[in-house]
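The block underneath contains the structure these notes are about, expressed in structure tokens.
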Amino acid sequence: MPLLARASTPPLSLTAFAVLLGAVLLAAILLVSQPAWAKGSRKADWAPVAAEILMEAGSGKVLQARNADTPTYPASLTKMMTLMLTFEALDRGTLRPDQRLVVSRHAASMPPSRLWLAPGSTITVEQAILALVTRSANDAAVVLAEALGGSEPAFAGKMTARARALGMRRTVFRNASGLPDRLQRTTARDMAILSRALIRRHAGHYAYFQRRSFDWQGTTVHGHNRLMARYPGMDGIKTGYIAASGFNLAASAVRDGRRLIAVVMGGHSAATRDDRVADLLDIGFKRPTSPARPAPATPDLVITRKSSTAAERSTAVSVAVPSAKPSTGSAGGPWSIQVGAFANRAAAARSAGDTAKRLGALAAGASPEIVRSGGLYKARLTGFPAANADAACAALKAAGHGCFAVEGR
């Protein structure tokens, strides 16, 4: 016994034992708190990257950039591409705003932020759009993805292909929401390119990004974009956060008819991210405007959406519509075409009225109509036979203008 006692390790003091126990507990907490998808990876694989870019929406000129081409994680900025493909489906007529989509078990299983959709329940396309814009709801994002792609992975492939077509060379999408995935990457420059495309190609839908809240099953759902409430002229577009990316924000603002886009990724907090975006926009608005690019030659009919405010002028589009012969159908009918959604009634009325005048014979028998829905004012022309509605939308789409036909209006 004496020999064994001399060979054994002396007992720890109470203080030393407490220190050792604390170290073990701390290591366990750190291990548990590490994101599951990041376990086993090097820190350099998932540490947030501070990156920023300031761009003119009109010319596409980059005014300032830092780490703009460094790969990082998009987080919920991913939903901007989900929304772009949704807007394109609306314009093609493969989705309708009031169309109800069934919630799958996979969609309902998404972690927060979400609407807590139940498997087998339904949500309209427009409600899903508003859920993405305000709540950044992951379950609603998957509902749209499955409706458009059949499955979320298949839809992610369409997202990546669309990104390549837009010139987003360093972006890969793996899901519709932006939830953590080590292979889902983007850059600040690519997010600015996507923001610009949404503004310029989908002016008729861009007003959705101005929404700060929407009503869902008797509850008001509020948005995350707090900078929009305090920065004059800012009207969108999307926030994002996961631990691996830090706090992200793609923002757009307009002053005196000039629109800028600022993207900040890898912020340490929402407040510091917002402050940096505001600083970038301030810097940009103090600089002179870049020369406008010359407009292409326009055949036949030119449709211009006119508006009186700077915010509306920033999303106005001028398009050339090829000549089209009116249908030989009856003068009236139950169909409408929707040409835009606006934050106020006056802008919607101007858009509908001007479009009716300039379409001329193609809009024979149709009349302007404003429909209030989801807090937006939708500009429509109503009273078309089906063939005339299709012909009008086809002409507008050929010129890059958003339009879809609506039955029973």
| message | Give the aspartates and glutamates reachable from LYS61 as a straight Cα distance under 15 Å; neighbours fewer than 8 places away on the same chain don't count. | response | GLU52, ASP190
| request: Give, in nm to one decimal, the length gained when the segment between ALA118 and SER213 is fully stretched (0.36 nm per residue of separation minus the Cα-Cα distance). | output: 32.1 nm
| task | Write down the accessible area per residue of segment 97-242 in Å², having rolled a 1.4 Å probe over the full set of protein chains. | result | 39 Å²
| said: Could you tell me the relative contact order of segment 131-242? Use alpha-carbon pairs under 8 Å, at least six residues apart, and round to a whole percent. | reply: 25 percent
| query | Taking 0.36 nm per intervening residue step and subtracting the Cα-Cα distance, what contour gain separates LYS286 from ARG345 on full extension? | reply | 18.1 nm
| Rounded if a/c under 1.5, otherwise prolate or oblate - segment 149-287, Cα gyration tensor axes | rounded
| message | Please list, ordered by chain and number, the residues whose modelled amide H lies under 5 Å from the amide H of GLN64; skip anything fewer than 5 residues away on the same chain. | response | LEU54
| field | Label-point gap, in nm, between SER151 and THR220 - each point 7 angstrom along Cα→Cβ | value | 4.2 nm
| So, with a 1.4 angstrom probe, what is the percent of accessible area on segment 73-212 that is carbon and sulfur? | 49 percent
| Relative to the present Cα-Cα distance, how much length would full extension add between ALA394 and ALA271 at 0.36 nm per residue of separation? | 39.8 nm
| request: Hey, can you grab everything whose amide H is under 5 Å from the amide H of LEU101? Only 5+ residues off in sequence or another chain; H modelled, so Pro and N-termini drop out. | output: ILE123, THR124, VAL125
| task | Run the quick spin-label model on ALA364 and GLN64: label points 7 Å from Cα toward the beta carbon, then report their separation in nm to one decimal. | result | 5.7 nm
| said: Please enumerate, by chain and number, the aspartates and glutamates with C-alpha under 20 Å from the C-alpha of LYS378, excluding those fewer than 8 residues away in the same chain. | reply: GLU88, ASP91, ASP98, GLU126, ASP215, ASP235, GLU312, ASP354, GLU369, ASP390, GLU407
| query | Could you give me the ³J(HN,Hα) list for segment 234-250, computed from phi with Karplus coefficients 6.51, -1.76, 1.60 and θ = phi - 60°, whole Hz, x at Gly and Pro? | reply | 7, 9, x, 10, 7, 9, x, 7, 9, 4, 6, 9, x, 8, 10, 7, 9
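The values are calculated or read from the model by the stated rules, or taken from the named source; none is laboratory data. Not measured: the values here are computed from a predicted model. Note: ideal-geometry Cβ built from the backbone for every residue, glycine included; neighbour counts use all protein chains shown. Heads up: the accessible areas ignore ligands, DNA and RNA and are worked out on the full protein's heavy atoms, side chains in. Shrake-Rupley method; radii C 1.70, N 1.55, O 1.52, S 1.80 Å.
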